[in-house]
Each structure stands twice: as C-alpha cells, then as structure tokens.
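Novice: Can you keep this structure in mind? I'll have questions shortly.
The values are calculated or read from the model by the stated rules, or taken from the named source; none is laboratory data. Everything numeric here is computed off the predicted structure, so don't read it as measured data. Neighbour counts run over all protein chains shown; Cβ positions are idealised from the backbone, glycine included. Heads up: the accessible areas ignore ligands, DNA and RNA and are worked out on the full protein's heavy atoms, side chains in. Shrake-Rupley method; radii C 1.70, N 1.55, O 1.52, S 1.80 Å.
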Amino acid sequence: MSVTKIVLTGGPCAGKTTGLSWIQNSFTERGYRVLFIPETATELISGGVAPWTCSSSKEFQKFLIRLQLEKERIFEQAAENMNADKILIVCDRGALDNKAYMTVEEFAEVTAEVDSNEVELRDGYDAVFHLTTAAKGAVEFYTTENNSARTETPEQAAELDDKLISAWTGHPHLRIVDNSTDFEGKMKRLISEIATFLGEPEPYEIERKFLIEYPDVDVLKSMPNCERIEIIQTYLVSPDNEEIRVRQRGVDGHYIYFETCKKSLSAIKRIETERRLTAQEYLRRLMDADPKKRPIRKDRYCLADGNQYFEIDIYPFWNDKAILEIELSDPDEEIRFPSMIKIIKEVTEDKNYKNASLARII
C-alpha cells in the first residue's frame, strides 16, 4: 500500500474547488483511492466559530490547527485500513496556511500549545501545490460570490496569496501554479505537477543546477518568501548505477528524516524515489554510510519567486560561491532568475558539483 498526503492551497478565488474535482477524476482513473479532507476554516466559520466570535484571532487559529491535525490523523488511520494499493489524501489547505493569518510570535505560541513546531507541521505533508489567486494575473475573474467565508478585496487577496506562499516556503516539494494560461490550462498544469510528483507514469525529476556567486545571506534572511533549512546529507553504500542517501532536514533543533534513491536516465532527468524515516530508522541507516564519502552539511535557502521555486545551497567550505538548483516540470521551461542571483555557469552536467562528488574523500 502507498499512502501519499498532499496539500492543495492558494489565495482566494484561485480555483481550489474546481481543482479538487479535477484531482478526483484524474487520479481515480489512474487507480488511486482519493480521499479529501475539507477546508477546516470554512467548516468552523460556517458553523459559527470564527475569528470575530472567538475571544481572539489567535484562539481561533489554535482551534483550527487542532481540528485540522485531528482530521488528518483520522483520515490517515482510515486509509491504512482500506483495501487499495494507492491512496491519495488531499488536504484542502494544510496546517501552515494558518501562519499567513498570524504574527510570527502568535504562530510560535499556537504551535507550542498544540505540542508541535513549524518543521513538523510544514513537512508532515508529502507535497504542497499552491494555486495563485485570480487577483494576480486574472483579476477580471476574481469574485467572492462562490464562498460565503471569503471577504477579501482583490488587493487583499493578492497580499494573502503572497503570505501563503511565504508560509509554505521551505517545504521540499512546493509547486506554484500561476495564471499564465487560461483556467483550463491552469487545471491541466496542476494535474501534471501532481502526476509528476507521484511518479505517474514514472517518478521523474527534472533538475537544473547552477554555480552562482556567494549570495548576500542577510538579504536572503530578510525576504518573506525565503526560508533557511539546515541539511546533513549522508551517502550510503549503493550499486554503481544508483545513488542512495539519507538526509536530516530542519532548523532550530526540529528535524525530519528521509531516504532517497536516484537512478540517472540523462544529465537532467532521473528516476527518484523517496521515503520518510523515523529518527531511529535514520540512525540505523547511518550504519551503512559509504566510508569513501564524508557527510555533507549545508544551509539551504528555499526561495519562491513568481511561480518558480529555487534552492540555494551554501556550504561551509566555500566563501565565494554557492549552488542554485531548480526542479522543472518541463526540460524546456524558461528559468527566470531573481535579480540578486549572479550566475557563474550552469553545472547541471558537471559531476564535480554534485553533492556526491563534493562528499568524496580524496
């Protein structure tokens, strides 16, 4: 059995309701049992529990996250008892959506009260797909008439859309689907992004890599759509045509763990499979570490810019350069680099700049 939990999020009037219908039809046809967790905020507000009826907005957000997490636990337990090979759990918004409605201090207080932290709440989902509000690029189609809980003006919707992207920035699999095509094209791109992530028909990863000048870290830290992640990556003994690694990923003492296996098909295209590990499993897998390679430590800055999601890796052994990576859904997709990034050269096909090569003990 394969159970995958994803989030469908986005600004007001982004097409989530229609997107959920497209997901149901498309992935049921592909053999998935598709389960939907309804949007918790709308449920509460429609039932009379709202920021303006609770003692404070922070209290409302606390109730919302508690209910969200409990619903997810129930759906996950139900999925484990179903007779199906492939199950896709789709959350109509996830726990990190709430961050967009709180100050940094309020969010920290709420996560502590629900006995969790930002890393666990954000990375507890396998992937996040953000639909951009119609207020950004398709304002003539923006409306509040189809959702009684929606009250934002187009300007407020665009601002909230930015906050939601910022809230989810840092997730290893965040995809942003904008309004660069008509609405049907937007839905098709959403399905394509989800299918690519799920590995339908195969789990391809299309990635390009660039050597860049050492970025201004203070500028990165000041950007609301940029998040720093601490990574320790250890390579395991593996066959010649495979690369197997385990990774500790998180920040401020809160970490999650993954095992990844990659098989190259071409310079920029490869089959990648990944699974979540417990802390105990991670420690056990470290016993299979390749003695010819040292663990790689790096600070990764995840940067959402427009509809593209960049990962900037800063290594402790370099002070004049860094690596920028971007995953693409199409090998011919145009890359629009942020203005602050200074490209030295593309190194996608240069094995010397692969993490596995940087880890090699000479």
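Novice: For the stretch 73-84, does any single residue satisfy the condition of being within 29 Å of GLY137 (Cβ to Cβ) and either in contact with a Leu (Cβ under 9 Å, 6 or more places away or on another chain) or free of Cβ contacts under 8 Å to residues at least 24 places away in the same chain (or both)?
Specialist: Within the stretch 73-84 (the criterion being within 29 Å of GLY137 (Cβ to Cβ) and either in contact with a Leu (Cβ under 9 Å, 6 or more places away or on another chain) or free of Cβ contacts under 8 Å to residues at least 24 places away in the same chain (or both)), the answer is no, since none of the residues qualifies.
Novice: Do we have any residue at all in the stretch 339-355 that's at pLDDT below 95, open to solvent by 20 Å² or more (accessible area, probe 1.4 Å), among the hydrophobic types (A, V, I, L, M, F, W, C) and over 19 Å from ILE296 (Cα atoms)?
Specialist: Yes; the residues of the stretch 339-355 include at least one that is at pLDDT below 95, open to solvent by 20 Å² or more (accessible area, probe 1.4 Å), among the hydrophobic types (A, V, I, L, M, F, W, C) and over 19 Å from ILE296 (Cα atoms).
Novice: Hey, any hits in the stretch 36-46 for a residue that's in a helix (DSSP H, G or I), among the polar types (S, T, N, Q), over 22 Å from PRO172 (Cβ atoms) and open to solvent by 60 Å² or more (accessible area, probe 1.4 Å)?
Specialist: Yes, the stretch 36-46 has at least one match.
Novice: On to the next question. Out of everything in the stretch 195-227 that is touching a helix residue (DSSP H, G or I) at 6+ places or on another chain (Cβ under 7 Å) and at pLDDT 90 or above, what residue ends up being farthest from GLY10 (Cα to Cα)?
Specialist: Residue satisfying both the conditions and the ranking: LEU211.
Novice: Still on this model: So, GLU120, is that one at pLDDT below 95, open to solvent by 20 Å² or more (accessible area, probe 1.4 Å) and more than 22 Å from the chain's Cα centre (by Cα) or not?
Specialist: In short, no.
Novice: Here is a further query. Name the residue that is farthest from ASN117 (Cα to Cα), counting only residues in the stretch 54-73 that are in contact with a helix residue (DSSP H, G or I) (Cβ under 8 Å, 6 or more places away or on another chain) and open to solvent by 40 Å² or more (accessible area, probe 1.4 Å).
Specialist: Taking the candidates together, the pick is SER57.
Novice: Filter the stretch 13-35 down to the residues that are charged (D, E, K, R) and in a helix (DSSP H, G or I) and list them by number.
Specialist: LYS16, GLU29
Novice: Would you confirm whether any residue within the stretch 283-303 is open to solvent by 50 Å² or more (accessible area, probe 1.4 Å), under 30 Å from LEU190 (Cβ atoms) and either touching a residue at least 40 places away in the same chain (Cβ under 8 Å) or of a type outside the set (Val, Ile, Thr) (or both)?
Specialist: no
Novice: Let me ask another. Scanning the stretch 139-186 for residues that are without any contact (Cβ under 8 Å) to a residue 60 or more places away in the chain and either in contact with a helix residue (DSSP H, G or I) (Cβ under 8 Å, 6 or more places away or on another chain) or closer than 18 Å to CYS226 by Cα (or both), which turns out surrounded by the most Cβ atoms within 10 Å (Cβ to Cβ)?
Specialist: ASN179
Novice: Give me the residue from the stretch 83-114 that is at pLDDT 95 or above and either open to solvent by 50 Å² or more (accessible area, probe 1.4 Å) or among the acidic types (Asp, Glu) (or both) and, out of that set, nearest to PHE129 (Cα to Cα).
Specialist: Result: ASP92.
Novice: Sticking with this structure for a sec: Given the criteria buried (at least 19 other Cβ atoms within 10 Å of the Cβ) and either more than 15 Å from the chain's Cα centre (by Cα) or among the basic types (Lys, Arg) (or both), does PHE129 qualify?
Specialist: Against the criterion (buried (at least 19 other Cβ atoms within 10 Å of the Cβ) and either more than 15 Å from the chain's Cα centre (by Cα) or among the basic types (Lys, Arg) (or both)), PHE129 does not qualify.
Novice: Also, quick follow-up: Going through the stretch 304-315 one residue at a time, which ones are in contact with a strand residue (DSSP E or B) (Cβ under 6 Å, 6 or more places away or on another chain) and either open to solvent by less than 10 Å² (accessible area, probe 1.4 Å) or free of Cβ contacts under 8 Å to residues at least 40 places away in the same chain (or both)?
Specialist: As a first pass, look at the stretch 304-315 and keep what is in contact with a strand residue (DSSP E or B) (Cβ under 6 Å, 6 or more places away or on another chain): 304, 307, 309-315.
The answer is ALA304, PHE310, GLU311, ILE312, ASP313, TYR315.
Novice: Next question, about the same structure. Of all residues in the stretch 219-274, count the ones that are polar (S, T, N, Q), open to solvent by less than 70 Å² (accessible area, probe 1.4 Å) and not in a strand (DSSP E or B).
Specialist: Of the residues in that region, 3 qualify.
Novice: Sticking with this one: Across the stretch 282-327, what is the number of residues that are within 23 Å of the chain's Cα centre (by Cα) and either within 22 Å of ASP161 (Cβ to Cβ) or of a type in the set (Asp, Glu) (or both)? Talk me through it step by step, then tell me what you get.
Specialist: Step one: list which residues in the stretch 282-327 are within 23 Å of the chain's Cα centre (by Cα), which gives 282, 296-315, 322-327.
Subset that is either within 22 Å of ASP161 (Cβ to Cβ) or of a type in the set (Asp, Glu) (or both): 299, 301-311, 313, 325-327.
Total satisfying the criteria: 16.
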